Amino acid sequence: MGINGVEGDKTLQSICYKRGSLRLLDQRKLPLETTYLDIKDTKDGWEAIKEMVVRGAPAIAIAAALSLVVEVSNLASFNGTSDDAATFLRKKLDYLVSSRPTAVNLSDAAVKLNEVIDKAAAEAKEVNSVFQEAYIEATEAMLEYDVMSNKAIGSYGANFLQKHLTDNQKITILTHCNTGRLSSLVFNSFASVAIGFLCKSNREEAGRNCDKALHAQGVLERAYCTETRPFNQGSRLTAFELVHENIPATLIADSAAAALMNAGQVKAVVVGADRVTANGDTANKIGTYSLAVSANRHGIPFYVAAPLTSIDLFLSTGQQIEIEERSPKELLHTRGGLGEQVAASGISVWNPAFDVTPANLISGIITEKGVITKNGADTFDIAEFVRKTSGDL
């Protein structure tokens with residue numbers, strides 16, 4: 001992958017795209033360096049996702065799809081029939097999905113794009129610009145929709161939390177991992193997922209739309225973010241975003257969360273999700289389940305914020321979610337595996353990337369089409385919500 005250094009970038013764009021060109025912010029190097037990697041093809045895209053150059057379920061899906069767009073855009077020619085081209089694209093999408101199997105957004109994007117490919121292959125007898133354009137336009141439409149949906153999640157989340165939690169008092173929110181702009185694909189927008197509820201001011205600068213965010217309405221007292229070991233997405237990325245937006249914020253160790261709750265300093269917990277099953281179980285960054293258990297013990301509402309593309313109705317419960325394991329180096333070395341060794345050589349390592357939070361510990365799931373609640377049950381009727389809101393936004 002080629003590397004372009006970009007200094008002093010104020011927009012925090014995790015994805016920079018124009019036809020034929022894709023650059024991804026290397027989030028492994030934040031907050032000390034702002035470096036972009038040129039993504040030339042699906043191999044570059046796969047490596048960027050696997051190595052966490054780009055992360056966050058929405059951003060992963062679009063980065064993968066766009067890496068194939070760039071490869072297709074730069075193909076001089078394709079020798080073969082439309083069926084040959086369709087097979088080529090399907091194999092590329094399958095390859096990209098293998099980079100992060102837990103994030104359902106990625107496989108969902110692949111399914112939708114395969115439908116576009118099948119339709120284009122059926123209508124075109126030979127590979128031509130129309131066939132190529134069909135795939136590119138479908139991916140770009142997916143990009144535009146996710147920008148809108150991320151903004152809508154921020155709006156719904158801010159309104160819901162203000163209505164149910166404020167009681168004429170300012171509130172404090174604890175979040176885990178990173179669910180702000182860096183985990184989404186929004187261009188110059190902070191209303192992405194959980195942190196999007198907190199954006200600092202009422203302004204349209206650089207395309208932002210934060211007027212409904214908690215901090216803008218003066219109801220946010222403080223945001224707490226965990227360091228999120230072992231890759232430190234909280235201390236490196238979430239803290240960076242909160243400081244960038246001048247939001248009152250405090251970084252805590254992962255192991256301090258329960259004590260913070262016991263001290264009465266947390267009004268609500270808001271996290272993201274890489275996959276939501278039909279009953280409302282969710283997979284998110286390892287450590288999320290621990291926060292949910294602690295929140296339940298202290299009577300604190302626990303909310304999940306995720307786009308509908310994170311919902312997997314084919315899985316009935318979280319026990320069916322594939323949990324990927326990451327490199328032992330992330331625990332054995334500092335800086336998530338990038339620094340010096342700190343653990344004894346020869347020690348075995350268990351390093352799951354995610355854990356599953358059962359639906360009975362979740363108070364609500366905030367989506368771009370509204371907030372899914374339980375209505376007294378221990379689980380959610382996700383399928384019914386999806387059916388009722390189909391076509392909205």
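Readers should treat all values here as calculations from the given coordinates under stated rules, not as data from a laboratory. None of the values given here were measured: they were computed from a predicted structure. Positions of Cβ are generated from backbone atoms using ideal geometry, with glycine treated the same way; all protein chains shown enter the neighbour counts.
Restricting to DSSP loop positions (anything but H, G, I, E, B) with no more than 12 other Cβ atoms inside 10 Å of their own Cβ, which trypsin sites (Lys or Arg not before Pro) remain in region 14-64?
Arg19
Once R0 is set to 35 Å, what does the formula 1/(1 + (r/R0)^6) return for the Cβ-Cβ distance between Gln169 and Thr34, expressed as a FRET efficiency to the nearest 0.05?
Numbers: r = 38 Å, r/R0 = 1.07.
Efficiency at R0 = 35 Å is approximately 0.40.
Here is the link list: Lys50/Lys170; Lys163/Lys388; Lys18/Lys329. Which ones come out longer than 28 Å on Cα distance? Mind showing how you got there, number by number?
Numbers: Lys50/Lys170 40 Å; Lys163/Lys388 23 Å; Lys18/Lys329 35 Å.
Lys50/Lys170; Lys18/Lys329, as the Cα separations exceed 28 Å there.
What length, rounded to one decimal in nm, is gained on full extension from Glu140 through to Thr81, with 0.36 nm per residue of separation minus their alpha-carbon distance? Mind showing how you got there, number by number?
Numbers: separation 59, 0.36 × 59 = 21.24 nm, distance 2.44 nm.
Full-extension gain reported as 18.8 nm.
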Once both label points are put 7 Å beyond Cα along the C-beta direction, the Arg297-Ala344 separation in nm becomes 2.8
For region 18-89, what is the largest minus smallest coordinate of the Cα atoms on each principal axis, given in angstrom and ordered from greatest to least? 48, 21, 17
I'd like the distance separating the alpha-carbon centroids of region 33-59 and region 82-102, in whole Å. 17
Given H placed 1.01 Å from N in the peptide plane, which residues other than close sequence neighbours of Ala249 have an amide H under 5 Å from its amide H? Ala223
